[in-house]
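Below: the structure, in structure tokens.
The values are calculated or read from the model by the stated rules, or taken from the named source; none is laboratory data. Because the structure is a prediction, the values reported are computed rather than measured. Positions of Cβ are backbone-derived with ideal geometry, glycine not excepted, and every protein chain shown enters the neighbour counts.
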């Protein structure tokens, strides 16, 4: 009986046809048609035609007109050395290039899409520089997006320290259904969180001011994860304290991950020096975090009447799965220090270099923070559009991740080329986010472009929505986005409300290994405002 509920989608029909091809009735029907003509088995032809028809029906629009995958431009590998020689001193065109400059070089040479292979120990990848292609990738990643990477981190959790993580990876390291289960368990909790003395006589911050920002982000993340202060901001914190050891270990871990998972490395095959150093660092992080967790668990009162939304992330996740709780709070502390700390440094730098923007933000903040002791709260943040615009503009100019990696879950057409399923593709967002083709005066710090009230050519409404995607897109976007923005909003509000910040030096240098940010010492000049 025909009816609305009996109409099958094209995809459903495809799967049913595919399933029917393997059944005995179908095979018998084909066998009855089988003859041999000039030595050619018609049964094989019949199967091939049916198979091709089913496959073609599942191809994306424009597939037949697109150029084959083999024609994607890119540096050609040579026998034995592949493309690794291009990074050699003296002869290599990519020698000593930072990762952003490397991608600028690739796109200048090959255009908006490039195929890169021939790097020992690394999978071939397709680099995409066009926002249209980035949108196609993002909108076709399925319900369970696949993103490989951080391989050393994954291997450590799942193989070296099974005693702690018990086979459970975090949202960074898992794929498919396992990732979906973990993400679902933590998503609601993490996406809806509750909410001048170190300067020298010239009011210049010390060269290690970046470390002070790392301390602040670690303490903030600990309060969210464990609902307790862990003493990172103590004025007399010893350089050998467990808190400082944790920060140092996080920075080293990211550096080692870059050397092993981005640069050519033999660690998947033999125990290299970097791998052994990485394991030692991860052991330090794991043991320190276990101490923090133990202290938190000892302070939990199961009989208290505290509302659930006011409890720590650890306590709330324990009700779901203890293994997930341990793994996720571990990942939160590791992932939240360097990332948010670098973004805060970038925001302060851009405001210091643009004093008129800084003053505009300060005047907005004074409306809701009339004096220096005023408390930053949720209502104040909601009513501060320029504060949010400053953060958005910061992450456009200095996104912590320069791109997003995906493994395609279906055939795609990108920039006019056929991209088969299971291809590693990387959207290099940082280049489009600073390209005048997509943003007016793209190299300038203009927070106004993100305000709803901006109706001129600067408005982000006139920009491709995928030209700047600092936190990713879709189900696998950054799960810590809300936490990071909350930290940045509170931190910037307090800093800019109370201090005038300037940069009396040459322009700072930005760069990236695994994460992008300022590489110059943060020697800000900080002067307290009068009122």
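General remarks:
- Flag for residue 375 being surrounded by fewer than 18 Cβ atoms within 10 Å (Cβ to Cβ), part of a loop (DSSP other than H, G, I, E, B) and in contact with a strand residue (DSSP E or B) (Cβ under 7 Å, 6 or more places away or on another chain): no
- Condition met for residue 399 (closer than 30 Å to residue 141 by Cα and either in a loop (DSSP other than H, G, I, E, B) or in contact with a strand residue (DSSP E or B) (Cβ under 8 Å, 6 or more places away or on another chain) (or both)): yes
- Among all positions in region 315-337, there is no residue which is within 26 Å of residue 154 (Cβ to Cβ), touching a strand residue (DSSP E or B) at 6+ places or on another chain (Cβ under 8 Å) and at pLDDT below 90.
- When 353, 392, 366, 360 are checked against the criterion of being surrounded by fewer than 22 Cβ atoms within 10 Å (Cβ to Cβ), within 23 Å of the chain's Cα centre (by Cα) and closer than 18 Å to residue 492 by Cβ, 392 stands alone in meeting it.
- Each residue in region 482-509 was checked for being outside any helix (DSSP H, G or I), under 13 Å from residue 346 (Cα atoms) and out of contact with any strand residue (DSSP E or B) (no Cβ under 6 Å at 6 or more places or on another chain), and 3 of them qualify.
Condition check ((1) modelled with pLDDT of 85 or more; (2) touching a helix residue (DSSP H, G or I) at 6+ places or on another chain (Cβ under 6 Å)) across all residues:
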position	(1), (2)
206	no, no
216	yes, no
219	yes, no
223	no, no
232	yes, yes
238	yes, no
243	yes, no
262	no, no
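- Residue that is surrounded by fewer than 21 Cβ atoms within 10 Å (Cβ to Cβ), under 19 Å from the mean Cα position of the chain (by Cα) and modelled with pLDDT under 85, where the choices are 146, 164, 100, 171: 146
- Leading residue by the ranking (nearest to residue 501 (Cα to Cα)) among those in region 437-481 that are part of a helix (DSSP H, G or I) and at pLDDT 85 or above: 447
- Pick from region 422-436, criterion assigned to a loop (DSSP other than H, G, I, E, B) and touching a strand residue (DSSP E or B) at 6+ places or on another chain (Cβ under 8 Å), ranking: farthest from residue 466 (Cα to Cα): 422
- Just one of the listed residues (237, 233, 266) is closer than 18 Å to residue 338 by Cα and not in a helix (DSSP H, G or I), namely 233.
- First in region 81-100 and more than 27 Å from residue 427 (Cβ to Cβ), second anywhere and loosely packed, with under 14 Cβ neighbours inside 10 Å and modelled with pLDDT under 95, Cβ under 6 Å, 6 or more apart: 89/95
- For the criterion of being modelled with pLDDT of 90 or more, outside any helix (DSSP H, G or I) and surrounded by 15 or more Cβ atoms within 10 Å (Cβ to Cβ), residue 275 fails.
- Every listed requirement among (1) modelled with pLDDT under 90; (2) surrounded by fewer than 18 Cβ atoms within 10 Å (Cβ to Cβ) is met by residue 502 save one, (1).
- Yes/no for residue 281 being modelled with pLDDT under 90, surrounded by 15 or more Cβ atoms within 10 Å (Cβ to Cβ) and either under 21 Å from the mean Cα position of the chain (by Cα) or more than 20 Å from residue 209 (Cα to Cα) (or both): no
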